[in-house]
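Input: a single structure, listed below in structure tokens.
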Amino acid sequence: MIRLIGLPILATTICVFAQTPCERLKSLSLANAVITAAETVPNQRFEGPGTSSGPPAHCRVSVVLAPSPDSHIETEVWLPVTNWNRKFLALGNGGWAGNVPVRSSTGLHGDGYAIASTDTGHQGDATDASFAVSHPDKIKDFAYRAVHEMTIQSKAIIAAFYGSGPRLSY
């Protein structure tokens, strides 16, 4: 009986210490992925057309995903330092776009969303598919695998940072 009473206390202690500070995420071990940067970014202001303010303070995590030997999928995950709404938003991009468009989400990030995006496995503009020539794995990455892998690894990073995964995912 004493063991059963101690179990909830142990579980509570594990949950309290499960939260990982941003910079420590760099050492997080993920399958088929390497975290290349993890840094706390203070409140920002982006200058330019249609942007009057930037995201609040957040943990910016850069990840390279490699589900196949020919894969190189760049991903960013932005985690609000405060006021996380327990929601995860995966962003897409258009056309053949080979970039990580998280900056386009500053309004949603300000609403407390943890956000991730990917370059879908290639760098380049929205008019060129030359990355796919003779690279069947890169075609799979672009078609579906990059977004799937980004989502799986982002949820693991979110759980490591906050101590629990998202309540809702979009």
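Taking the criterion of being at pLDDT 75 or above and surrounded by fewer than 17 Cβ atoms within 10 Å (Cβ to Cβ), the residues of region 94-116 that qualify are Asp111, Gly112. Cβ separations smaller than 8 Å between residues 6+ apart or across chains give the following pairs from region 131-151 residues that are at pLDDT below 90 to residues that are buried (at least 17 other Cβ atoms within 10 Å of the Cβ) and among the basic types (Lys, Arg): Phe131/Lys138; Ala132/Lys138.
For (1) among the aliphatic types (A, V, I, L, M); (2) farther than 30 Å from Asp137 by Cα; (3) modelled with pLDDT of 90 or more, each residue gets a yes or a no:
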site	(1), (2), (3)
Val16	yes, yes, no
Glu39	no, yes, yes
Phe46	no, yes, no
Gly54	no, yes, no
Val61	yes, no, yes
Pro69	no, no, yes
Trp84	no, yes, yes
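The values are calculated or read from the model by the stated rules, or taken from the named source; none is laboratory data. Values in this document were obtained by computation on a predicted structure and should not be read as measured data. A quick note on method: Cβ atoms are made from the backbone with ideal geometry, for glycine too, and the neighbour counts reach across all protein chains shown.
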